[in-house]
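Take a look at the structure below.
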Amino acid sequence: MSALEVMRRASLGVAGAVALACASAPGGAFALTRAVGGIHVDVAPLRDNAGDPTAAWVAQAMPGALARALAEAGRPGAPVSVRIDYVILGPNTGNAGGPAGSSPDQMVGAVIVGGVARPLRALTWYYPAASDPATIEQSNYDRVFQLSRAFASWAARGYSGT
């Protein structure tokens with residue numbers, strides 16, 4: 001069996017496992033929108049732009065990240081909506097001009113409070129590890145999770161709801 005065939009089979013297996021996990025998640029991570037308490041996350045634009053599993057990862061990670069960020073900002077339980085339009089991951093090899101050979105990762109969307117959408121862009125830096133090429137799916141999930149936390153942190157800082 002060629003290395004390409006092994007990688008293809010492994011990728012299909014991981015994609016199937018992610019789909020199964022997301023489909024069985026409470027509230028359905030494949031939903032276009034997800035609401036938890038007063039937190040509402042819309043990943044429909046992201047699903048159109050990047051597809052899954054990226055949109056499913058954001059739908060799964062963002063509500064908890066927002067709840068934590070709002071609690072840390074002294075606004076636990078505050079109602080807030082976010083829309084995620086893009087997730088842009090830099091090169092997996094690093095060396096993209098960032099600090100210490102890192103690659104920039106970005107999440108672009110909006111925070112919606114009182115019907116008013118305020119654009120928001122979060123940036124994190126990816127520092128590749130030697131094991132990342134073997135676990136690219138996990139590495140990309142970790143990067144999206146970190147972006148979700150950064151986006152949520154900025155959203156909570158700029159939150160001006162009632």
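Picking from residues in the stretch 57-70 that are in contact with a strand residue (DSSP E or B) (Cβ under 7 Å, 6 or more places away or on another chain) and of a type in the set (Gly, Ala, Ser), the one that is modelled with the lowest pLDDT is Ala67.
The set of residues in the stretch 72-95 that are closer than 19 Å to Gln146 by Cβ and not polar (S, T, N, Q) comprises Glu72, Ala73, Val82, Ile84, Asp85, Tyr86, Val87, Ile88, Leu89, Gly90, Pro91, Gly94. The condition of being surrounded by fewer than 18 Cβ atoms within 10 Å (Cβ to Cβ), at pLDDT below 90, under 16 Å from the mean Cα position of the chain (by Cα) and of a type outside the set (Lys, Arg) holds for only one of Ala35, Ala100, Ala73, Ala44, that being Ala35.
In the condition set (1) in contact with a Leu (Cβ under 8 Å, 6 or more places away or on another chain); (2) at pLDDT below 85; (3) surrounded by fewer than 16 Cβ atoms within 10 Å (Cβ to Cβ), Tyr86 is compliant with all but (2). The set of residues in the stretch 47-70 being farther than 19 Å from Ser139 by Cβ and surrounded by fewer than 20 Cβ atoms within 10 Å (Cβ to Cβ) consists of Arg47, Asp48, Asn49, Gly64, Arg68.
The values are calculated or read from the model by the stated rules, or taken from the named source; none is laboratory data. Remember, it's a predicted structure, so these values are computed and weren't measured experimentally. Ideal geometry is used to build each Cβ from the backbone, glycine not excepted, and the neighbour counts take in all protein chains shown.
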